[in-house]
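The values are calculated or read from the model by the stated rules, or taken from the named source; none is laboratory data. From a predicted model like this one, the values you see are computed outputs, not experimental measurements. Positions of Cβ are backbone-derived with ideal geometry, glycine not excepted, and every protein chain shown enters the neighbour counts. Surface accessibility is based on the protein's heavy atoms, side chains included, excluding ligands, DNA and RNA. Shrake-Rupley method; radii C 1.70, N 1.55, O 1.52, S 1.80 Å.
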Amino acid sequence: MKGMTLDAMAKACHGRLFGANTLQFLNAQGIVIDSRMVQEDYVFVAIKGERTDGHAYIEQVYADGALAVVTEQPLSVSKPYILVESTRQALKDLAAFYLSRLDLKVVGISGSVGKTSTKEIVSSVLSQKYKVHKTEGNYNNEIGLPLTIFKISEEHQVAVLEMGISDFDEMHRLASVSRPDIALLTNIGLSHLKTLGSREGILKAKTEMFDHLREQAAVILNGDDDLLSTIAKVQGTAPVFYGIGTEKPKKAVYGSKQIYASDITNLGLKGIQLKIHIGDECFATRIPIPGTHNVYNALAAAAVGRQLGLTNDEIRAGIETARTIDGRTNLIETGTMTVIDDCYNANPLSMKASIDVLATALGRTVAVLGDMGDLGENERALHYEVGCHLAAKGIDILFCAGTLIQELARAVKEHNPSCDVHVFATRDDMLKELLPFLRQGDSVLVKASHFMEFSEVVEEIITM
C-alpha cells in the first residue's frame, strides 16, 4: 500500500484526528477492518457488523502495533484515532482518496451473471501486458471494494474491480469510489428481483455506474443482451458492443458489434474453440473453461484488452491461460469422477448455463441443486422454468434440496420422466443419500444460491 498520512486520511473521511501530535505525519502502511490482520503501522477501521462490533477490539489492535483507529466513539487513549460519524462511510471515503492518489487504469465490472468469471478472464488478458490487481473472491460490495482497493500497490498498472449490488443507489456508492476508466456490464438477468423489481429495474441500478466514470471513459456492453443493446450513448460516447455473430437483438439501436465470435465449437468439459473478430481482424483461440457462456466472458476480455492497447496475440494468450476460482464452474477431478463446482451462487440464467455445461459431460450426469434466492414473487415459476430446461437437456439424475427447488423437480418429472429425481427437505438429508449413490465415471454438477451452503456438498463429494 502506498502510505497515507493520518492528517490526510482524517480530511478525506471528514473526521477529526485526536492524539496524533507529531504522528500525524507518519504514513499508514495498511487499512483493515479485521483486528486479526493488524500489523505494525496499520490503521484499523472499527466496523459494526451483524455478529461483532469492531470497537470491541480497539485496545487489542493498539497492542498489536496499529498506528491509529477510525472510530465512531470518542476514545480515552493517548494514541492517535480518527473520529467519524460512520466508519462504513469513512471506509469508502478513504478508498476513494487512496485510489485517486494512484496512477493506474480502473476497469469496473458488473452485471447480473458472470461478473467473477469475466473478471478472471479480463485479468488474465491484461496480465499479458500490465501488472494487474483484481478483486479477490467476492469482495465486491461496500465493504469488500474498499478493502480490495487498499491492497493496490504503486507497482500495479491496472485494477480490475468487480462491483455487485442488490438495491438501488448501491452502484452510485460503489462507482463513486472506483471511478472506472472502463465500465463493463455483462448482462441484465433475473437476480435481486425482490429489491429491484424487474429487469428494467436491474438495468437502471447497474447503469448508475455511468454517472461516476472518469473523463474519456470507455463503456463495454453485451450487445446480445436485449436491454443493454438499447443504450446508444453514455456521456455522449457510443458504447463498444460485443456478442456472438453479427445479428442484432430487435431492440438494438447501435451499429455493428465491434467485437464478436464465430466458428464456435463446444469441446465439452475441455472448453470452447472459437474465432474472435475485432474490427477487421480475426484470430482463433480456445477458452479452457467449459460452458458456452464463457464465450461472452472472453469477448468482454478481448474488448477491454483492445481498449488498453493489447495485441491479438496478447489477448489470445490471456484467454488461453485463464482459470476460474472455487465455486465458479471449477472442474475438480477426484480420481473417480468429475465435479463441476459452481456452488457459490445461483439465479435462473446461471443455473441454466451450468446445466448446459453438465449436459456436455461424459458418463452419468448428476445435477445436485439447491434453492435460488432473491427472485421475488415469481420465484416458484422461475424454479419450474429451470426444471424444464434441465429436462430438455437430458440430464440423467437430479438430487435436490430445499423448498423452492421442489418446483424445479416437479418440472423435471413432468417433462422428462426418464430422469431419476431425488428430492429432500435439507442439504444434510440429501447428502446421506447422495454420497453412496455416486459411482466411478460420474460427472456431478453442484449449484445453489450461497445461503444453501452447497460448498459443504462439494467438500463431502471430493473427500468421500
>> Compute, for the stretch 102-321, the length of the dipole vector about the Cα centre, with Cβ point charges of +1 (Lys, Arg) and -1 (Asp, Glu) only. Units Debye, rounded to 20.
In response: 320
>> Need the full-extension length gain, T403 to K11, defined as separation in residues times 0.36 nm minus the C-alpha distance. One decimal, nm.
In response: 136.1 nm
>> Run through the stretch 155-242 and list the GluC sites (Glu not before Pro) located in a DSSP loop whose Cβ has at most 10 other Cβ atoms within 10 Å.
In response: E155, E215
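Of the DSSP beta bridges with both residues in the stretch 1-156, give the percent that are antiparallel, rounding to the nearest 5.
Values: 6 of 15 bridges.
Restricted to the stretch 1-156, the bridges split so that about 40 percent are antiparallel.
Counting only DSSP beta bridges with both residues in the chain, tell me the antiparallel percent, nearest 5. Before the final figure, lay out the partial values.
On the way: 24 of 74 bridges.
Around 30 percent antiparallel, to the nearest 5.
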> Tilt of helix 405-415 relative to the longest C-alpha principal axis of the chain, in degrees (0 to 90, nearest 10)?
Replying inline: 20
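Share of antiparallel DSSP beta bridges in the stretch 6-86, in percent to the nearest 5?
30
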> If you plug each phi of the stretch 299-306 into the Karplus form 6.51 cos²θ - 1.76 cosθ + 1.60 with θ = phi - 60°, what whole-Hz ³J(HN,Hα) values come out, in order, with x for Gly and Pro?
Replying inline: 5, 4, 5, 5, 5, 5, x, 5
>> Using each residue's phi in the stretch 145-152, evaluate 6.51 cos²θ - 1.76 cosθ + 1.60 at θ = phi - 60° and report the 3J(HN,Hα) Karplus result to the nearest Hz, with x for Gly and Pro.
In response: 4, x, 5, 4, 5, 5, 8, 6
> Restricting attention to the stretch 241-324, which GluC sites (Glu not before Pro) occupy a DSSP loop and are surrounded by at most 14 other Cβ atoms within 10 Å?
Replying inline: E247
>> Is there a quick way to get the dipole size of the chain? I mean about its Cα centre, with the Cβ of Lys and Arg at +1 and of Asp and Glu at -1; what is the value in debye to the nearest 20?
In response: 1000
> Between K134 and residues 5 or more places away or on another chain, which pairs have amide H atoms under 5 Å apart, with H built 1.01 Å from N, and which residues are they?
Replying inline: V160
> Short version: ³J(HN,Hα) in whole Hz for each residue of the stretch 354-366, in order, from phi by Karplus 6.51 cos²θ - 1.76 cosθ + 1.60 (θ = phi - 60°), x for Gly and Pro, what are they?
Replying inline: 5, 4, 4, 5, 4, 5, 8, 7, 8, x, 5, 9, 10
>> For a quick check of understanding: with a 1.4 angstrom probe and all protein chains in place, what accessible area in square angstrom does H422 have, to the nearest ten?
In response: 50
>> Quick check: the distance between the Cα centres of the stretch 13-50 and the stretch 412-464, to the nearest angstrom?
In response: 46
> With contacts defined as alpha carbon pairs under 8 Å and 6 or more residues apart, what's the relative contact order of the chain in percent?
Replying inline: 11
> For the chain, what is the accessible area per residue in Å² when the probe is 1.4 Å?
Replying inline: 42
> Taking a spot 7 Å from the Cα of T334 along the direction of its beta carbon, which residues of the stretch 436-451 have an amide N less than 19 Å from it?
Replying inline: 436-448
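Using R₀ = 51 Å, calculate the FRET efficiency as 1/(1 + (r/R₀)^6) where r is the Cβ-Cβ separation of E154 and N378; round to 0.05.
Values: r = 49 Å, r/R0 = 0.96.
Rounded to the nearest 0.05, the efficiency is 0.55.
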> At K275 and I325, where each label point lies 7 Å from the Cα along Cα→Cβ, what is the point-to-point distance in nanometres?
Replying inline: 3.5
>> Place a point 7 Å from Cα of K2 in the direction of its Cβ. Which residues in the stretch 74-104 have their backbone N less than 12 Å from it?
In response: 97-104
> What's the angle, to the nearest 10 degrees (0 to 90), between helix 115-126's Cα axis and the longest principal axis of the chain?
Replying inline: 70
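With r defined as the distance between the Cβ atoms of I264 and T311 and R0 fixed at 30 Å, what FRET efficiency is calculated, to the nearest 0.05?
According to the calculation, E is roughly 0.85.
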> For F168 and E85 in the same chain, what is the full-extension length gain: residue separation times 0.36 nm, less their Cα-Cα distance, in nm?
Replying inline: 27.6 nm
> Three principal axis extents, largest first, for the C-alpha atoms of the chain, in Å?
Replying inline: 76, 56, 42
> With the radius of gyration and the Kirkwood radius both derived from the Cα set of the stretch 102-321, what is their ratio Rg to Rh?
Replying inline: 0.94
>> Quick query: amide H of T5 versus all other amide H atoms, modeled in the peptide plane; which residues come in under 5 Å with a sequence gap of 5 or more or a different chain?
In response: A28
> Which order, highest average first, do 286-296, 56-66, 188-198 follow once you tally other Cβ atoms within 10 Å for each residue and take the mean per peptide?
Replying inline: 286-296, 188-198, 56-66
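Counting only protein heavy atoms and using a 1.4 Å probe, what share of the accessible area of the chain belongs to carbon plus sulfur, as a whole percent?
Numbers: 9020 of 19630 Å².
The computed percentage sits at 46.
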> Can you list residues whose amide H is under 5 Å from N187's amide H, if they're 5+ apart or on another chain and H is modeled 1.01 Å from N?
Replying inline: S112, V113
> By how many nm would the segment from S176 to H415 grow when fully extended, if each residue of separation counts as 0.36 nm and the alpha-carbon distance is taken off?
Replying inline: 81.3 nm
